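For reference, the structure discussed in these notes is given below.
The values are calculated or read from the model by the stated rules, or taken from the named source; none is laboratory data. Worth saying up front: this structure is predicted, and the values here are computed from it rather than measured. All Cβ positions, even for glycine, are placed from backbone atoms using ideal geometry, and neighbour counts span all protein chains on display.
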Amino acid sequence: MIANTSATMRKKALKPRTKPAEVRRDEILQAAAALFIAKGVGPTTIDEITTSAEVAKGTFYLYFSSKEDLVAALRERFVEGFCARVRTAIDTSPEGDWNARLRSWVHAGVAAYLDDYKLHDVVFHDYRPDQRRMKGDNPVVVDLSALLECGSDAGIWSFEDPRLTAIVLFQGLHGAVDEAIETGNRDGNELAAKLSALFLKMLRP
């Protein structure tokens with residue numbers, strides 16, 4: 001009996017008493033995202049975020065230096081998720097079929113925005129981050145530029161500047177999705193098909 005009790009105590013001692021740092025950080029981000037969507041970034045306080053995430057205020061500052069730092073982390077996570085979704089879609093397209101791969105980029109991009117547009121609008125539009133810096137560092141533009149260069153090298157598309165072309169296509173998609181959200185037309189497949197046809201026509205030699 002004593003041996004069994006000792007073994008049980010040893011097992012309990014091996015269990016971590018706190019959550020892993022990445023889990024705790026994600027919980028804070030999730031709590032903040034929900035509050036930002038419901039109230040906006042400005043009115044939401046750090047106290048409200050920590051209460052919702054069920055963490056002490058000191059724990060918040062272990063991961064973020066300020067509310068602005070947390071918003072930046074949410075923007076980064078949104079972009080990473082967007083890129084991951086688009087890359088997965090492109091990877092399922094036939095290798096070497098650059099038209100199909102661009103269509104996959106468009107369809108995945110439209111779907112990603114429509115699925116999480118409330119958070120996107122809060123952290124990118126309502127909060128007004130440094131838009132010029134975001135465009136310069138934007139991984140979405142970097143990835144799309146690489147895709148365009150591959151299609152150009154294969155002789156499928158023609159343009160002078162892959163980065164400038166990527167910016168035009170990305171901003172075009174972004175604006176079209178914003179318009180669809182504003183007008184209540186949430187048929188992402190129809191919108192993506194129209195954008196794909198337009199973009200491919202623009203790129204045609």
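Some notes on this structure:
- Looking only at the range 139-183, and only at residues there that are surrounded by 15 or more Cβ atoms within 10 Å (Cβ to Cβ) and acidic (Asp, Glu), the one that is nearest to ARG204 (Cα to Cα): GLU149
- Test set (1) free of Cβ contacts under 8 Å to residues at least 24 places away in the same chain; (2) over 12 Å from ILE28 (Cα atoms); (3) not polar (S, T, N, Q) - VAL79 fails condition number: (1)
- Among the conditions (1) at pLDDT below 95; (2) touching a helix residue (DSSP H, G or I) at 6+ places or on another chain (Cβ under 6 Å), PHE124 misses just one, which is (2).
- Test: residue in the range 34-53 that is outside the structural domain of SER104 (by TED's automatic domain parsing), within 20 Å of LYS118 (Cβ to Cβ), among the aromatic types (Phe, Trp, Tyr) and in contact with a Ser or Thr (Cβ under 9 Å, 6 or more places away or on another chain): yes
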